[in-house]
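A short reminder: the numbers here are calculations on the coordinates, not readings from a lab. Fair warning: this is a prediction, and the values are worked out from it, not measured in the lab. A quick note on method: Cβ atoms are made from the backbone with ideal geometry, for glycine too, and the neighbour counts reach across all protein chains shown.
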Amino acid sequence: MDVKKPAVLFKIFSATQIDPKDEWEDRHERCRTMLASIMADKSPKEMHDALSSAVSKDPATHDDVCIGFAIAILTSGPPGSPECNETSSRFFRDLQLVARDGLQCVYRHLNDLALDRYPRLAYGAKQQLLWLTREMVQIQVLFIVLCITESHL
């Protein structure tokens, strides 16, 4: 399974001329690039071995790889398309395999993203955020249900 960089790179934030590129976008780009470099030109077994060794190095690398997967899911393409569904499901499965903290770093990052940057999220990223949250609820990620119920009170 070759993981190649998509021809069209979907953005997570709506681009405007007024809003400059900020630290969120820099970090997302860095995490996504690091993830793509780890996964590039490898068989599935080699890819999982490389990901496992990368997340074992230190907590910062673990967080960067997990956030890279989350950003890859949010930018995987137009929501609802078969390619997007397949890619998102594959990235989520791989994220579950390498996450060593029960997806807590992804939960924290998505929570901050939704609370601080939701108005700037692109339409596709909002749809993928809902899909990812639903998947995290289904696998019973700690605190995710509490977050959803408290936001509706």
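Using R0 = 30 Å, the C-beta based FRET efficiency linking THR61 and GLN127 works out to 0.55.
Less than 5 angstrom separates the built amide H of PHE13 from those of ALA122, all sequence-distant by 5 or more or on a different chain.
Starting from the Cα of ILE18, step 7 Å toward the Cβ, then list every residue of segment 100-133 with an amide N under 20 Å from that point. Correct set: 116-123. How about segment 95-133: which chymotrypsin sites (Phe, Trp or Tyr not before Pro) there are in a DSSP loop, with at most 16 other Cβ atoms within 10 Å of their Cβ? Listed in order of number, the matching sites amount to none. Rounded to the nearest whole Hz, the Karplus-based 3J(HN,Hα) values (6.51 cos²θ - 1.76 cosθ + 1.60, θ = phi - 60°) of segment 116-128 follow the sequence 8, 10, 4, x, 8, 5, 5, 4, x, 5, 5, 5, 5, with x at glycine and proline.
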